[in-house]
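> The following block contains the structure, expressed as structure tokens.
Just so it is clear, none of the values below were taken in a lab; they were calculated from the coordinates. Not measured: the values here are computed from a predicted model. Neighbour counts are summed over all protein chains in view; Cβ atoms, including those assigned to glycine, are modelled from backbone coordinates with ideal geometry.
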Amino acid sequence: MAGDRLSSVDNLRTLMVAWVIGAHSLAGYTVVGGWPYDEVNEVTVAPGVEVALTVVVGQSGLFVIGAFFFVAGLFTPESLRRKGRPEFLRDRVVRLGLPWVVSALVLWPLSLWVAYRAAGHDVTPWWVLTHRRPFLDSGALWFALVLLVFSVGYVMWPGRGLSRARRPTTGYLLLVAAGVAMASFLVRLWFPARSGQPGDLHLWQWPQCLGLFALGIAVSRHGWGRRVPDRQYRVSGGIAVGTMVLLPLLALRLGMTDAVDGVGPFLGGWHWQALLAASVEGVLVVFGSVFLLGLAQRSWVWAGSLATGCARVAFTAFVLQGPVLVLLAVALRPLAAPAEVKAVLLVAGAITGCFSLAWLLARSRVRGLTVRLS
């Protein structure tokens, strides 16, 4: 399976990391936000552009994070069997826990301090660490902390029966999607979407993250790491693409003409809109993730030196995106250009910068650490 991962799954992971970096670059220049630079941005994109970004980037954002957890779960049982419990846990603490601690306590507060100072706010790094909300925000590294929690939970789970689940069918995937949808709706009665918690845990997103992590574990013994069955691949692609085509039309039918006004009922609470949003998310995150994996296995099988190098440092690039994005955005502040231009420049610079810096670190004296992280 190792060779297949290099030629497909690792390429998928690389592209998803690049997508996350690019999406965060764009979000910093929007009104709706989703990336902390929006707290101090000097310009924002036009309303029409923001709607377009919501349609294109926002929809994929409903399932890309879940896809990360799906891929992680897919290879967790094999990793645990190969390493044994103690080594597996040590590896996860170093790979996931250490980056979160460094980001939450050092890199992210310092990066935001630079951004706040550039915007004219007289604050200190200590103020950013202790007074900004959510407390112990780590930028994008909440993903690592949550995955660490899930990984430890899997190791401690009696019997770990998920890896012995029956062969997944389309009906099985529909049940998982329904479960994710209902759990998301219930969790968001207390933790609405976009709400913040200490550690920026994204509790409102845990149902999809845990559901997809568990799904990855469940299908791992059926060879989905090598190839998603053709039927499930075709059905998942049809459902995911169809949902993404119909969703903007549904939004217009419901009178949603921008990304800010009127979205409250969709974020959580006893509202039919919240149930609808959770249902759409459940469908997209399950079938979109399965489709992405199948697409990668069938089409994204390149294995040249560039692809291999990017795959090896992909997670390091993910870890570095916070400071790289913020510092590049600060560097662009003096540029007299509209937000649309700055956003494009930031996307290109951030993706290139994160992977280049990760590659340089991998070749430097901290090579051992970056290899463990990636």
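> Just to verify a number: FRET efficiency for residue 83 and residue 127, C-beta to C-beta distance, R0 = 51 Å, to 0.05?
Working: r = 41 Å, r/R0 = 0.81.
After rounding, the FRET efficiency stands at 0.80.
> Now for a different question. Once you have the Kirkwood Rh of the range 1-147 from its Cα pairs, apply Stokes-Einstein at 20 °C and 1.002 mPa s and quote D in µm²/s.
On the way: Rh = 17.5 Å.
Translational D for this selection: 122 µm²/s.
> I've got another one for you. What list do you get for 114, 56, 71 if you sort them by fewest beta carbons within 10 Å?
On the way: 114 17, 56 14, 71 24.
Result, fewest neighbours first: 56, 114, 71.
> Turning to a different aspect of this structure: Where in the chain are the helices, taken as whole DSSP H runs, whose Cα atoms extend 20 angstrom or more along the long axis and whose Kyte-Doolittle mean reaches at least 1.0? Please list the in-between numbers first.
Numbers: long enough: 10-27 (25 Å, 0.78); 64-83 (28 Å, 0.75); 142-156 (21 Å, 2.27); 170-187 (25 Å, 2.01); 206-220 (21 Å, 1.43); 230-253 (34 Å, 0.65); 272-299 (39 Å, 1.32); 314-332 (25 Å, 2.23); 339-363 (35 Å, 1.48).
Sorted by number, the helices that extend far enough and score high enough are 142-156, 170-187, 206-220, 272-299, 314-332, 339-363.
> Order these by the 10 Å Cβ neighbour count, fewest first: 310, 354.
Sorted ascending by nearby Cβ count, the order is 310, 354.
> Do the sum for the chain: with -39,500 (n - 2.57) for every DSSP H run of n ≥ 4, divided by all residues, what is the mean residue ellipticity at 222 nm, to the nearest 500 deg cm²/dmol? Let's see the in-between values first.
On the way: 17 runs with 239 residues, N = 374.
Theoretical 222 nm ellipticity from helices: -20500 deg cm²/dmol.
> Give me 230, 38 ranked fewest to most by other Cβ atoms within 10 Å of their Cβ, as a rough exposure proxy. Display every interim value, and only then the final one.
Details: 230 10, 38 15.
The fewest-first ordering by Cβ neighbours comes to 230, 38.
> Ok, one more. As an exercise, find the ratio Rg/Rh for the range 2-373 from alpha-carbon atoms, using the Kirkwood inverse-distance average for Rh.
Working: Rg = 20.2 Å, Rh = 21.3 Å.
Taking Rg over the Kirkwood Rh, I get 0.95.
> Under the 0.36 nm per residue contour assumption, what length would be gained going from the current alpha-carbon distance of residue 298 and residue 178 to full extension? Working shown, then result.
Working: separation 120, 0.36 × 120 = 43.20 nm, distance 2.75 nm.
Computed gain between residue 298 and residue 178 is 40.5 nm.
> If you don't mind, another one. How many nm separate the modelled label positions at residue 98 and residue 305, each set 7 Å beyond the Cα in the direction of the Cβ?
2.9 nm
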